[in-house]
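Trainee: Got a structure for you, written out below as structure tokens; questions coming shortly.
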Amino acid sequence: MLITFVIITILYLFLIGYFVLGFDKVKDFRLQDIAPKTTFTVVIPFRNEAENLPELLQSLLNLNYPQYLFEVILVNDDSEDDSIEIIKNHLVINETKNYNLKIINNQRHTNSPKKDAIQAAINQAKHQWIITTDADCIVPVYWLDSFDNFIQSQSLKMIAGPVSYSQGNGLLNTFEALDFLSLIGATIGAFGINKPFLCNGANLAYQKQFFQQLNGFEGNTNIASGDDIFLMEKALKKDSNSIKYLKSKQATVITKPQNNLKNLISQRVRWASKTSNYNNTFAKIVGLLVLITNASLVIGIVLVTLGLFALKPFAYLFFIKVAIDFILIYKACQLFNKEELLKHYLWSCFIYPFFSVYIAFISMFTTYKWKNRTFKK
């Protein structure tokens, strides 16, 4: 058994070490003082987001980018709260500011409401670049400027952008933030080694024409989530050289952490439910190795507690995992100025293996609920 644990740990060490090297290969992108020229259609699906829309709308209004170069399409996905009224009031208050924002209703055709919403917006989009975000997000002032600079600097068809959590309160939000930072670290690291397998629809841009060449979301509309990852998988097969990661603080979209454990589990189950449908072999290998590594730690902790496995060798293996994970998370923390979270890193390392194994297990056998709707895997 010790040999098995050692082999798993070594493989995991090489994987995360590979991501650490890749993270530094993706260079920080600096905003340049050049004339903007890229046109954008910002697409934002929403459902029952009355609580979050005011901050989002204000952040859109605060964008530095010339208003004639972008439009905003908000797609109402059958909201039952005051979301529509909030948006209309916002438009009335700011009607003198030449604000190109409109609301359309979702047109349901598939099992994926969000993909339908994005498709509905793209069908009406006027501009060459589509950029998506979520209604519970806040976009930075130089968001579109950063994407425009990046697009002007090289030939691109799809851009994955950074997403970070807003400052939460309590240990749950701290744990959630560290978990999310590990995903961001792996995302950037994978782009750095030319093996991208993750991106986030809260900050994703692509050419409208390229989306149409890929036949949009066709082929995975039976899966409720995955408007980001499955589209990127198709894009990578079509033209991998034109897909890059925009590593920039000024392009970072801020999203809110889940406010309770039930919602956090529901969100993570939704994310995990996509993994069995990945077409990317590397993504499947990463997911399997991470799961096996965490499962082995859970088993090891149980065996050590029962006196069936020696503490010392297990402690060495556990320390190796904790150390390599720390390097990757530290780099992600530096990028988003979240170094204060690292003081909570050690205790979260004891919880994370149990949490991740639990999420992986229940995602294989249960449906998940999101926005008051229940979905199958």
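The values are calculated or read from the model by the stated rules, or taken from the named source; none is laboratory data. Predicted, not measured: the structure shown is a model, and the values here were computed from it. Neighbour counts run over all protein chains shown; Cβ positions are idealised from the backbone, glycine included. These accessible areas exclude ligands, DNA and RNA; they are computed on the full protein's heavy atoms, side chains included. Shrake-Rupley method; radii C 1.70, N 1.55, O 1.52, S 1.80 Å.
Residue-wise test of (1) open to solvent by 30 Å² or more (accessible area, probe 1.4 Å); (2) of a type in the set (S, T, N, Q).
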site: Val26; (1), (2): no, no
site: Phe29; (1), (2): yes, no
site: Thr38; (1), (2): no, yes
site: Ala50; (1), (2): no, no
site: Leu53; (1), (2): no, no
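Trainee: Within region 87-113, restricting attention to residues that are modelled with pLDDT under 85 and not in a loop (DSSP other than H, G, I, E, B), which residue is least open to solvent (accessible area, probe 1.4 Å)?
Mentor: Going through the qualifying residues, I end up with Lys97.
Trainee: Among the residues of region 123-145, is any small (Gly, Ala, Ser), within 26 Å of Ile223 (Cα to Cα) and in contact (Cβ under 8 Å) with a residue 12 or more places away in the chain? Break it down stepwise before answering.
Mentor: Of the residues in region 123-145, the ones small (Gly, Ala, Ser) are 125, 135.
Then drop every residue that is not within 26 Å of Ile223 (Cα to Cα), which leaves 125, 135.
Right, trim to in contact (Cβ under 8 Å) with a residue 12 or more places away in the chain and you get 125, 135.
Taking every residue of region 123-145 in turn, at least one turns out to be small (Gly, Ala, Ser), within 26 Å of Ile223 (Cα to Cα) and in contact (Cβ under 8 Å) with a residue 12 or more places away in the chain.
Trainee: Filter region 278-324 for residues that are open to solvent by 40 Å² or more (accessible area, probe 1.4 Å) and basic (Lys, Arg); which is farthest from Tyr345 (Cα to Cα)?
Mentor: Lys284
Trainee: Would you check if Asn241 is surrounded by fewer than 19 Cβ atoms within 10 Å (Cβ to Cβ) and either β-branched (Val, Ile, Thr) or over 22 Å from Asp136 (Cα atoms) (or both)?
Mentor: Judged against the criteria, Asn241 is a match.
Trainee: Residue check: is Lys312 in contact with a Gly (Cβ under 7 Å, 6 or more places away or on another chain), closer than 26 Å to Ile8 by Cα and of a type in the set (D, E, K, R)?
Mentor: On the way: in contact with a Gly (Cβ under 7 Å, 6 or more places away or on another chain): no; closer than 26 Å to Ile8 by Cα: yes; of a type in the set (D, E, K, R): yes.
Against the criterion (in contact with a Gly (Cβ under 7 Å, 6 or more places away or on another chain), closer than 26 Å to Ile8 by Cα and of a type in the set (D, E, K, R)), Lys312 does not qualify.
Trainee: Is it the case that region 57-67 has a residue that's surrounded by 14 or more Cβ atoms within 10 Å (Cβ to Cβ), part of a loop (DSSP other than H, G, I, E, B) and of a type in the set (Gly, Ala, Ser)?
Mentor: Checking region 57-67: not a single residue is surrounded by 14 or more Cβ atoms within 10 Å (Cβ to Cβ), part of a loop (DSSP other than H, G, I, E, B) and of a type in the set (Gly, Ala, Ser).
Trainee: Being in a loop (DSSP other than H, G, I, E, B) and more than 20 Å from the chain's Cα centre (by Cα): is that true of Phe318 here?
Mentor: Details: in a loop (DSSP other than H, G, I, E, B): no; more than 20 Å from the chain's Cα centre (by Cα): yes.
When the stated conditions are applied, Phe318 does not pass them.
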